[in-house]
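The block underneath contains the structure these notes are about, expressed in structure tokens.
The values are calculated or read from the model by the stated rules, or taken from the named source; none is laboratory data. Everything quoted here is computed from the prediction, not taken from an experiment. With ideal geometry, Cβ positions are generated from the backbone for all residues, glycine too; neighbour counts draw on all protein chains shown. Accessible surface areas use protein heavy atoms only, side chains included; no ligands, DNA or RNA. Shrake-Rupley method; radii C 1.70, N 1.55, O 1.52, S 1.80 Å.
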Amino acid sequence: MNKKKSVYHHTLLGIITIFAILASICSCSSESSKAKQTQQVSGNLRNENLCRQLDSLVVNTPGVVGVAIVSDNDTITVNNELTYAMMSVFKMHQALAVANQLERTGRNLDDSLRISAAELDRDTWSPMLKHYGNNGDFAITIGQLMRYAVISSDNNASNLLFSHIVTPLETDSFIRSIAPDTTFRILYSETEMKQNHDLSYSNHSSPLSAALLIRKIFNEPVVSPAMQDSIKAYLSEVTTGADRLGSVVSDADSMFFAHKTGSGYRNERGELMAHNDVGYFCMPDGRDYAIAVLIRDFNGSEQEASAIIAKISRLVYDHFHTLL
């Protein structure tokens, strides 16, 4: 099992106290065939235990794991200097861009589109085919397409939104105009990535960029309130990846959880190109945090990659509950 060097960078937002300045800094390094980096844990002693736990988990993973955790007071990142294929995580970005385009053109989610049967790919992940795959040409609302794209990660729905409403490049441009962190890129549709799997690496993001965006969706205005409320509702109803970040929710009391997953093809080495989850948690006392776990070039099964995301989510969930 190859050890991956990781980079831990902890930033205490707000006034840096003398205590934080004097806090210890621990570092170590290990060789990796895929990345030569330095692990570093620094800053507030309260977070050092979490960082050590994350460190021991990530360095023994047969892939590269990137993590970003954002709360009111703190930001912790792991391997944030690298980029990761987003896969269907970009459908969260797409939903915002679609909403913005509808507002600009005076349309809404209830407006219908006429879809040709020839526009559907019957050999891709697409739950909407159960309802629309055998009926020839059909009409569907923009809101229904957005629901399928976000909640079910439907590739046909995403492709149709790109071809009828807003292109990948237009999506990239809009998100760049509102994103707290622009270390991401959206260039290609699901159709294009299916035709050339290597293009998946070009639709990429850092963990911090993804975590900051989902937290912004739930805390700041981005599009009109009605549009944004719909997107927030869709993210809270996502049906994919129940064994990833959200695995901690079943035994949590009144925890609000929303997320967007992304899963990739296998590269020429047989590794999973991507296995991701980006989530937003809000606790009963009103405290919240966003977390992104993005995994690239993983030499193992999807179930094993999901288990790593679930372990990270448990560590972070337990950390926040010890601060009560």
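Test N203 against the stated conditions and say whether it is buried (at least 22 other Cβ atoms within 10 Å of the Cβ) and of a type outside the set (F, W, Y). Yes, satisfied.
Among the residues making up the range 182-232, those that are over 20 Å from R296 (Cα atoms) and assigned to a loop (DSSP other than H, G, I, E, B) are E220, P221, V222, V223, S224.
Can you spot a residue in the range 208-219 that is of a type in the set (S, T, N, Q) and closer than 16 Å to M86 by Cβ?
Initially, the range 208-219 is screened for residues of a type in the set (S, T, N, Q), giving 209, 219.
Among the residues that remain, those that are also closer than 16 Å to M86 by Cβ are: 209.
Within the range 208-219, one or more residues are of a type in the set (S, T, N, Q) and closer than 16 Å to M86 by Cβ.
Does I178 count as touching a residue at least 60 places away in the same chain (Cβ under 8 Å), of a type in the set (A, V, I, L, M) and out of contact with any helix residue (DSSP H, G or I) (no Cβ under 7 Å at 6 or more places or on another chain)? Judged against the criteria, I178 is a match. Within the range 158-181, being farther than 19 Å from S112 by Cα and open to solvent by 10 Å² or more (accessible area, probe 1.4 Å) holds for P168, L169, E170, S173, F174, R176, S177, I178, A179, P180, D181.
Out of I214, I231, I need the residue that is open to solvent by less than 10 Å² (accessible area, probe 1.4 Å), within 13 Å of A68 (Cα to Cα) and under 15 Å from the mean Cα position of the chain (by Cα). Which one?
Values: I231 fails: within 13 Å of A68 (Cα to Cα).
Sole residue among the options that is open to solvent by less than 10 Å² (accessible area, probe 1.4 Å), within 13 Å of A68 (Cα to Cα) and under 15 Å from the mean Cα position of the chain (by Cα): I214.
Checked across the range 136-157, the condition of being part of a helix (DSSP H, G or I), open to solvent by less than 40 Å² (accessible area, probe 1.4 Å) and among the polar types (S, T, N, Q) holds for at least one residue.
When we screen S263, S236 for residues that are among the polar types (S, T, N, Q), at pLDDT 95 or above, within 16 Å of the chain's Cα centre (by Cα) and closer than 19 Å to N299 by Cα, the only hit is S263.
Just the residues that are over 22 Å from N79 (Cβ atoms) and either buried (at least 20 other Cβ atoms within 10 Å of the Cβ) or not β-branched (V, I, T) (or both), please, taken from the range 247-260. Break it down into steps so the answer makes sense when it comes.
To start, the set of residues in the range 247-260 that are over 22 Å from N79 (Cβ atoms) comprises 249-258.
Of everything in the range 247-260, those that are over 22 Å from N79 (Cβ atoms) and either buried (at least 20 other Cβ atoms within 10 Å of the Cβ) or not β-branched (V, I, T) (or both) turn out to be S250, D251, A252, D253, S254, M255, F256, F257, A258.
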